[in-house]
Amino acid sequence: MMTGEEEDQLDEAEAMYHVVVAEVLRELGYSDRAEESYMKAVSIDPWNSKIRVRYSAFLAHTGRVEAALAELRDVLDAEPGNAFARLNYALALEKDGAYVEAAAQLAGCLQIEPATSELLCILGRMLDAAGQDDRAIACYRESIALNADNQRSHYELGALFLRRGEPEAAEPELLEAISLDPRDLAAAYSYGVALERMGAYDHVERRLRALVAVEPGDATARYRYGLLLERLGRPDQALGQYRAAVALDPYYTDACLAFAVLLNRTDEGADVPAQLAKTAGSRISEEQINDIASRANEPENMLVAYYYHFE
């Protein structure tokens, strides 16, 4: 016959088995079945804070942030020193848009547990969202000091400098982010922004040419490369990039407009609607094609290349 302690251990083991099953199901996209397994785990071992925190993380993941916050508050009321619960509470608050409180909760977590590069990066992200730029920069730098290979911290720090209008400070951080993960398109785009704002157009052209070579099916890369080529006085090459962007994504309005505008600018006799229809195929309607062709003659759209920028 089992002792009470042995029964508790068996219950905990069975409950954790259901948690593992739930998390596998969640990763596979079976949210309903995952929730059933989480609920089984909670019903078997209702006082197990690890299980309740994992369940709350699932609730936040599926958009039920208020329910997640309520669950985590209960855990923290019982165990205020539970760093795992406080971390997940901070993440749920961030999802809820409460960035200042989220940062405060995560800072409290870091007083309980040793700071790691990853947690400092998350704290920097929360402080950045809360508008506390200087504190965010300090967190990102501390994160990088702990782990110089933390690609996310380099990227977030560079992106923050860029938003502050400091491309010279952003450039080395974004270059390091790209070096650590050459396939990070967001970092590549942001690096292009920094170079463009610094006036390094030739360098931007090389970067975008390389990006298009690696991601030939990326309509956004094609469009942005076309804008830069147009700005550099290479309209024929720009037209080819716009044409490729429209063929890849005929619903990409900016690319369609740029294509139509440049056709008007380089070939006054061009049948713009016919060229759009030929490039886009049957994927957009005649009405949409005529609308784009009409808008291409509007002054603000005719000057698009001269206001070139990365979004």
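Before moving on, here are some points about what is shown:
- Looking at segment 115-194, the helices (runs of 4 or more DSSP H) lying wholly inside it that each contain 2 or more residues that are out of contact with any Leu (no Cβ under 6 Å at 6 or more places or on another chain) and closer than 21 Å to R224 by Cβ sit at 151-163, 167-180.
- Segment 123-178, residues that are farther than 14 Å from S190 by Cβ and basic (K, R): R125, R135, R141
- Of all the numbered requirements in (1) surrounded by 22 or more Cβ atoms within 10 Å (Cβ to Cβ); (2) touching a residue at least 24 places away in the same chain (Cβ under 8 Å); (3) closer than 25 Å to R243 by Cα, A194 misses one, and that requirement is (3).
- L195 aliphatic (A, V, I, L, M) and more than 29 Å from the chain's Cα centre (by Cα): no
- Segment 76-96, residues that are surrounded by fewer than 23 Cβ atoms within 10 Å (Cβ to Cβ) and within 24 Å of A13 (Cβ to Cβ): A78, E79, N82, A83, F84
- Flag set for L120, criterion: more than 29 Å from T253 (Cβ to Cβ), crowded, with 18+ Cβ neighbours inside 10 Å and not basic (K, R).
- Exactly one residue out of A104, A70 is under 26 Å from the mean Cα position of the chain (by Cα) and either assigned to a helix (DSSP H, G or I) or at pLDDT 90 or above (or both): that is A104.
- So R64, is it of a type in the set (D, E, K, R) and farther than 25 Å from L28 by Cβ: no
- All positions within segment 209-263 that are in a loop (DSSP other than H, G, I, E, B), within 22 Å of the chain's Cα centre (by Cα) and more than 18 Å from I284 (Cα to Cα): E215, P216, G217, D218
The values are calculated or read from the model by the stated rules, or taken from the named source; none is laboratory data. What you see is a predicted model, and the numbers here were worked out from it, not measured in a lab. No Cβ is skipped: glycine too gets one built from the backbone with ideal geometry, and neighbour counts run over all protein chains shown.
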